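Report on the following structure.
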Amino acid sequence: RRVPQAHLRDGEGELRDFGARMATLRPGSSRAAALAAAYSAAASFADAQVGRVLREGLDAHNLTASTLVALCGDHGFKLGHGGSWGKHTLLRADTRVPLVVAGPGVRAGVEVRVPVELLDVYPTLLRLAGLGPPRGDPRAQPRLEGRPLTPWLSGGGGGDSAP
């Protein structure tokens, strides 16, 4: 497949000029510090908005105990860590994303230390909500991918192996 021309214009994404722009960016330079500060400010703002939704939307209306919350994010940029700015390597920081699940059926403070996939989020939420996979003609509907993470999230533990 060809990449649409709109995605290849300068200044509109990583495909064309990311490498060239980042090659001139040196850790410790004033430009690098400004980019890191702006990135940190954007992440802090997003974090504050999540807190605001939880506090003003759920807590204020007594919905926290009955609401499932799943929060996942991008793995972000490395901002010069390891000599790289983007996320184009197979280093641990490039291949992992945060995933937080809370609500009924989820034991607080549980940390799953085995690899899981974002494909596992949908079946996990279905199971926690007491719902089954979507119904319909099995020939017309693709099989549900992913596995529920509920054995780990309930605190029962799923062992040391991936779900």
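A few notes on this one:
- In the context of the full protein assembly, Glu56 retains an accessible surface of approximately 90 Å², using a probe radius of 1.4 Å and ignoring ligands and nucleic acids.
- Prolate/oblate/rounded label for the stretch 85-127 (Cα gyration tensor, a/c 1.5): prolate
- The P(r) of the stretch 27-99 has a tail past 15 Å containing 66 percent of all C-alpha pairs.
The values are calculated or read from the model by the stated rules, or taken from the named source; none is laboratory data. Please read these numbers as outputs of a predicted model, since none were measured by experiment. Surface areas here come from the heavy atoms of the whole protein model, side chains and all, with no ligands, DNA or RNA. Shrake-Rupley method; radii C 1.70, N 1.55, O 1.52, S 1.80 Å.
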